[in-house]
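The values are calculated or read from the model by the stated rules, or taken from the named source; none is laboratory data. From a predicted model like this one, the values you see are computed outputs, not experimental measurements. Here the Cβ positions follow ideal geometry from the backbone for every residue, glycine too, while neighbour counts run over all protein chains shown. Only protein heavy atoms, including side chains, enter the accessible area calculation; ligands, DNA and RNA are left aside. Shrake-Rupley method; radii C 1.70, N 1.55, O 1.52, S 1.80 Å.
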Amino acid sequence: MRIFILSSIIVIISAIFSSCNSPHKDTSIQDTKRDSIEVFENFYNRFHEDSLFQISRILFPLPGHNIDSDYNPDEKIEIFKWDKNNWDMQKKILDQNFKNELRKYNDSIIERIYIENSGFEIVRKFYLHNKKWYLGFYGSQNL
C-alpha cells in the first residue's frame, strides 16, 4: 500500500512539472490577434494620448510642409522633413471652430483639420504598415 501511495505521488509530481515546462498556448486566440489589422480608431486615440506611443508610430524623417504667412504663392512648396527634434506632440483638437475630415483608403487614411476661410490647415497621412498604423506625412499651413 505504501508503494502504491508513493508511486501515485511521484506520478502526480511528474505531471505537475511536465505541465509547467511546456506551457499550453491557445494558438487560435493568439493567431487571431497577430493576424488582425490594428483598428484605426484605437490607434488614433492612443496616438494623441501617449507621447511615447506617438513617437514610435511616426516614420521619421517625416515628410511634409510647413507654410506660414511669409509664404510667396509664386514659389515652389519645398518638402520639409520633420524629425524628433522639431516635432511637437500632437493632441486632439477639441475646439469646435476646427473641422476634421477623414478620407479612408485600403491602406491609408488622409486627415484634414482646418478652420473654414482662415488659411489654417493641417493634413496628415496615416499608413498601414505590417498591420499597424503610422503617421507618414504631416503638412501644416497657416496663412
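Six or more apart or on different chains, Cβ under 6 Å: which pairs go from a residue in the range 117-140 that's under 14 Å from N100 (Cα atoms) to one that's at pLDDT 95 or above and of a type in the set (D, E, K, R)? Could you list them?
Filtered contacts from the range 117-140: V123/R112; R124/E111.
Scan the range 72-97 for residues that are touching a Phe, Trp or Tyr at 6+ places or on another chain (Cβ under 7 Å) and either in a strand (DSSP E or B) or open to solvent by 100 Å² or more (accessible area, probe 1.4 Å) (or both) and report the count.
2
F98 - would you say it is within 25 Å of the chain's Cα centre (by Cα) and under 30 Å from S36 (Cβ atoms)?
No, not satisfied.
Determine whether L59 is within 17 Å of L128 (Cα to Cα), aliphatic (A, V, I, L, M) and open to solvent by 70 Å² or more (accessible area, probe 1.4 Å).
So L59 fits the description; yes.
Here is a list: Q96, Q90. Which entry is polar (S, T, N, Q) and either in contact (Cβ under 8 Å) with a residue 24 or more places away in the chain or in contact with a Lys or Arg (Cβ under 7 Å, 6 or more places away or on another chain) (or both)?
Details: Q96 fails: either in contact (Cβ under 8 Å) with a residue 24 or more places away in the chain or in contact with a Lys or Arg (Cβ under 7 Å, 6 or more places away or on another chain) (or both).
Exactly one of Q96, Q90 is polar (S, T, N, Q) and either in contact (Cβ under 8 Å) with a residue 24 or more places away in the chain or in contact with a Lys or Arg (Cβ under 7 Å, 6 or more places away or on another chain) (or both), namely Q90.
Can you work out which of the residues in the range 98-120 that are part of a loop (DSSP other than H, G, I, E, B) and among the hydroxyl-bearing types (S, T, Y) is least open to solvent (accessible area, probe 1.4 Å)?
Looking at residues that are part of a loop (DSSP other than H, G, I, E, B) and among the hydroxyl-bearing types (S, T, Y), I get S118.
From the list K92, K132, K81, exactly one residue is at negative phi and touching a Pro at 6+ places or on another chain (Cβ under 9 Å). Which is it?
Going through K92, K132, K81 in turn, just one is at negative phi and touching a Pro at 6+ places or on another chain (Cβ under 9 Å): K81.
Which of (1) over 22 Å from H129 (Cβ atoms); (2) of a type outside the set (A, V, I, L, M); (3) modelled with pLDDT under 95 does N100 not meet, given it meets every other one?
All conditions are met except number (3).
What pairs can you find where one residue is in the range 25-51 and part of a helix (DSSP H, G or I) and exposed (fewer than 12 other Cβ atoms within 10 Å of the Cβ), the other is among the basic types (K, R) and modelled with pLDDT of 65 or more, and their Cβ atoms are less than 9 Å apart, with a gap of 6+ or different chains?
Hits for this filter: R34/K131; D35/K131; E49/K91; E49/K92.
Yes or no: the range 55-66 includes at least one residue that is modelled with pLDDT of 95 or more and in a helix (DSSP H, G or I).
yes
Just need a number here: residues in the range 121-143 that are farther than 18 Å from S51 by Cβ and either open to solvent by 50 Å² or more (accessible area, probe 1.4 Å) or in contact with a helix residue (DSSP H, G or I) (Cβ under 8 Å, 6 or more places away or on another chain) (or both).
So the answer is 7.
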